[in-house]
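The values are calculated or read from the model by the stated rules, or taken from the named source; none is laboratory data. The structure displayed is predicted, hence computed values, not measured ones. Positions of Cβ are generated from backbone atoms using ideal geometry, with glycine treated the same way; all protein chains shown enter the neighbour counts.
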Amino acid sequence: MNAHSQTLLLAVRETWLSQQPEIDEKYIAAALKQAENADVVSFDIFDTVLTRVLECPIDVFAYVERELLAQGLPAKGFAKIRFDAENRARAVAWNATKAEEITFNEIYQQVQNAPQLAGASNVVEAAREAEIQAEQIACVPIADQVELIKRLKAAGKTIIFVSDMYLSQAQIQAILAYNQMDSLCEHLFVSSEYNKTKHTGKIWDVVRQYIPATQRILHIGDNVHSDVEQPQKADIDTLHYPRFIAERRVGASLSADLVPFSILSRLAGLDTNHCDPEEAFWRKLGQSLGALTLYSYIQWLAKQVKRNKIEHIYFCARDAQVIQAAWNICDLDKVCGTTSSYLYVSRKVLRYSTCYTEIVQNGRLSDASLRFLFELSHNEKNTFRDVFAPFNLSDETLTQHGLLNIIGSLDSAYDWSKVPAVKEYLNNFLLDDILLTFKAVFDNAMGYYRQEGVFRDDRKAAIVDLGWAGTMQAALIDLRHYAGVEQNLAGYYYGLWG
C-alpha cells in the first residue's frame, strides 16, 4: 500500500480508538459471573474482540480497489471480482472435497483466473498485498473484551480465540499482534487451518483435542448460529455479544466510491452501541440505507451533469448541504469536469426579491407571491397583525383604504375565508408602501447572487435542492431574467416522502 493508503486507514483507525464508547461494565459483570464455572473462556475474533472501521466486511474489497486505482493500476471493478472469486472458490472446494472452509490463497487463485484480469498479474499481486495490509490496519480492538480478558486471566481462566476465517492463522496472528492482543490468548483456532468451522460446529472437535472434555468452556461471540447455537450442541456454554456486529449489506454494488460512506457510517455508529437496542437498530438502519441512498443519488446526479454538460452546480442551503458533502468526498467535480459551490438561499429571500421585480415590472404581485405571503407562511394561530408585521407599516397606513371593513380588527384571528379579499386589498392599495421592504431584501440578494456568479451568462449552471415544486429554481430564473441572463438554469432534486 502506498503512503496515501496508510494515511487514510490510519487516520480512521486513530479516530475510532480516540472515540471508543465507554466500557460496558454491565456486560463485563455478566460475563464474569457466567465464567465462574468455566475453566476456559473462548472468544470469537471478528466483531467480538476485533472489529473493522468499515461498515461491512466486504467493504475491504472496495477499499482495496480504491487504493489500486490511486496507484494508477487498471483495477476498475476489482471489488466485485474479489467478491465473486470467493464465492467461486467456495463452490470449487465444496464440489471437489465437500470442504467447509477455503484459504486466502484459494481465493486469490480465482482472482488470478478472472477473465477481467487476464495478463494483469501485477494487479493481482498488488491487490493481495493491499488486502492483507488493509485488514491489519482496519481491525481495531474492542475495549469491552480487552478489559474482560484481563480480568478473566487474573482469575486464572485460560483464554482461547476461535474464528471462522479464510485468512491463515499466521495472518490473523499478525492482526492480533498489530493490535497488541496476541498475548491475550493461549491458543488460536482458525477454520482455514483445519477445514472445520464454527458454522458446522465441527471445529469444536479440534478444540477438544487441546482442551480436555473435563474442562468446561464458555464461548463468547456475535453470531447467533455459529457462536451460540452450534457450540451449545457441543456442550459448550455460550454468551452472545452483539454490540459491534457489522452490517451484512446486500443488494448494493461494490464500488470504490462507497468507501467514504462505509467509514462515516461505521464511525457514526459509535454513539449508538451503548444505547437502547431498539433505538440503536433504527439509527443503524437509517445510517446504512441513508448512505446507500445518498451514494445512489450523487451517482445519478453526476450522470445528469455530464449528459447535460452542466459547468457549475449550486448546492442550495441548507437541504443540499449533505449532498454537497457527498459530492466532494467522491471528488465528482473532477469526474464531471465541473465546478460547484454552496449557495446560501432561502425561499423567503427569493420570494421577497421576486415580489420587488413583479411590482417594478408589472405593478402587481403574482398569485404565487400572494400565496406565499398570505398562505404558506402563516397558520390559524396567527392574527392579521402577525401577517402584516413583516412589512413594517403603521396601523394607519394599513387600514386607511378600508382593511378593517374586510377583517374587522388587526388583532382578530386569521380567517382563511377573508384571505382572497386581503390579497386584492394589498395589490390595490399597499404596493407602494411595501416596496421598500422588498427592495432592501432584493438589493442584498442581488449583490450576493452576483458575487456567487448566479448571473453569469457564459456557462451552463444548475441548482441541487430538496423539493417537488421547484419554486426556488423558478424564482432564481426570474431574477436571472431581470438581470438580463436568458440562459436557462437547470434544477436537480431529491424528495423525501413519509
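Taking the numbered list (1) free of Cβ contacts under 8 Å to residues at least 24 places away in the same chain; (2) touching a strand residue (DSSP E or B) at 6+ places or on another chain (Cβ under 9 Å); (3) not hydrophobic (A, V, I, L, M, F, W, C) in turn, LYS153 passes all entries but (1).
Determine whether TYR342 is surrounded by 14 or more Cβ atoms within 10 Å (Cβ to Cβ), among the hydroxyl-bearing types (Ser, Thr, Tyr) and not assigned by the TED database to the domain that holds LYS423.
Values: surrounded by 14 or more Cβ atoms within 10 Å (Cβ to Cβ): yes; among the hydroxyl-bearing types (Ser, Thr, Tyr): yes; not assigned by the TED database to the domain that holds LYS423: yes.
So TYR342 passes the test.
Residue pairs whose Cβ atoms lie under 7 Å apart, separated by 6 or more positions or on different chains, with the first residue in segment 309-334 and on the phi > 0 side of the Ramachandran plot and loosely packed, with under 14 Cβ neighbours inside 10 Å and the second assigned to a loop (DSSP other than H, G, I, E, B) and of a type outside the set (Gly, Ala, Ser), are LYS309/LYS460. Would you confirm whether any residue within segment 13-24 is more than 20 Å from the chain's Cα centre (by Cα), buried (at least 21 other Cβ atoms within 10 Å of the Cβ) and part of a helix (DSSP H, G or I)? No, segment 13-24 has no match at all.
Scanning segment 454-498 for residues that are among the basic types (Lys, Arg) and over 30 Å from THR293 (Cβ atoms) turns up ARG456, ARG480.
Restricting attention to segment 105-121, does a residue exist that is surrounded by 18 or more Cβ atoms within 10 Å (Cβ to Cβ), of a type in the set (Phe, Trp, Tyr) and under 27 Å from ASN37 (Cβ atoms)? The answer is no, given that none of the residues of segment 105-121 is surrounded by 18 or more Cβ atoms within 10 Å (Cβ to Cβ), of a type in the set (Phe, Trp, Tyr) and under 27 Å from ASN37 (Cβ atoms).
Of all residues in segment 360-371, those that are over 19 Å from ILE407 (Cα atoms) and outside any loop (DSSP other than H, G, I, E, B) total 6.
Results for (1) within 31 Å of the chain's Cα centre (by Cα); (2) under 24 Å from LEU8 (Cβ atoms); (3) free of Cβ contacts under 8 Å to residues at least 24 places away in the same chain, shown as yes or no for each residue.
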residue: GLU67; (1), (2), (3): yes, yes, no
residue: LEU73; (1), (2), (3): yes, yes, no
residue: ALA79; (1), (2), (3): yes, yes, no
residue: ARG82; (1), (2), (3): yes, yes, no
residue: ASN87; (1), (2), (3): yes, no, yes
residue: VAL111; (1), (2), (3): yes, yes, no
residue: GLN116; (1), (2), (3): yes, no, no
residue: SER121; (1), (2), (3): no, no, yes
residue: ALA130; (1), (2), (3): yes, yes, no
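Take segment 78-88 and flag every residue that is aromatic (Phe, Trp, Tyr) and surrounded by fewer than 13 Cβ atoms within 10 Å (Cβ to Cβ). If the condition is that a residue be aromatic (Phe, Trp, Tyr) and surrounded by fewer than 13 Cβ atoms within 10 Å (Cβ to Cβ), then no residue fits. Is it fair to say GLY201 is small (Gly, Ala, Ser), under 18 Å from GLN145 (Cα atoms) and assigned by the TED database to the domain that holds ALA170? Judged against the criteria, GLY201 is not a match. A single member of ALA325, ALA302, ALA291 is at pLDDT 90 or above and over 30 Å from ARG371 (Cα atoms), and it is ALA302.
Go through segment 5-37 and give me each residue that's among the hydrophobic types (A, V, I, L, M, F, W, C) and within 20 Å of ALA70 (Cα to Cα). Break it down stepwise before answering.
Here is the first cut: in segment 5-37, the residues among the hydrophobic types (A, V, I, L, M, F, W, C) are 8-12, 16-17, 23, 28-32, 35.
Within segment 5-37, LEU8, LEU9, LEU10, ALA11, VAL12 qualify.
The condition of being assigned by the TED database to the domain that holds ILE58 and at pLDDT below 95 holds for ARG248.
A quick yes/no check of all residues on (1) buried (at least 17 other Cβ atoms within 10 Å of the Cβ); (2) under 20 Å from VAL40 (Cα atoms); (3) touching a residue at least 60 places away in the same chain (Cβ under 8 Å); (4) under 35 Å from the mean Cα position of the chain (by Cα):
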site	(1), (2), (3), (4)
VAL207	yes, yes, yes, no
ALA213	no, yes, no, no
ILE220	yes, yes, yes, yes
ASN223	yes, yes, yes, yes
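Kindly indicate the residue of segment 154-169 that is small (Gly, Ala, Ser) and out of contact with any Phe, Trp or Tyr (no Cβ under 9 Å at 6 or more places or on another chain) and also farthest from ILE28 (Cα to Cα) among those meeting that condition.
Going residue by residue through segment 154-169, those that are small (Gly, Ala, Ser) are 154-156, 163, 168.
Within this subset, residues satisfying the condition of being out of contact with any Phe, Trp or Tyr (no Cβ under 9 Å at 6 or more places or on another chain) are 154-156.
Values: ALA154: 14, ALA155: 13, GLY156: 16 Å.
Result: GLY156.
What residue, among those in segment 89-104 that are among the hydrophobic types (A, V, I, L, M, F, W, C) and buried (at least 19 other Cβ atoms within 10 Å of the Cβ), is nearest to the chain's Cα centre (by Cα)?
First pass over segment 89-104, keeping only residues among the hydrophobic types (A, V, I, L, M, F, W, C): 89, 91-94, 96, 99, 102, 104.
Imposing the further condition that a residue be buried (at least 19 other Cβ atoms within 10 Å of the Cβ) reduces the set to 89, 102, 104.
Working: ALA89: 31, ILE102: 32, PHE104: 30 Å.
That would be PHE104.
The single condition among (1) surrounded by 13 or more Cβ atoms within 10 Å (Cβ to Cβ); (2) closer than 26 Å to ALA317 by Cβ; (3) without any contact (Cβ under 8 Å) to a residue 40 or more places away in the chain that GLY447 does not satisfy is (1). Just one of the numbered conditions (1) at pLDDT below 90; (2) within 29 Å of VAL146 (Cβ to Cβ); (3) surrounded by fewer than 19 Cβ atoms within 10 Å (Cβ to Cβ) is not true of VAL259: (3).
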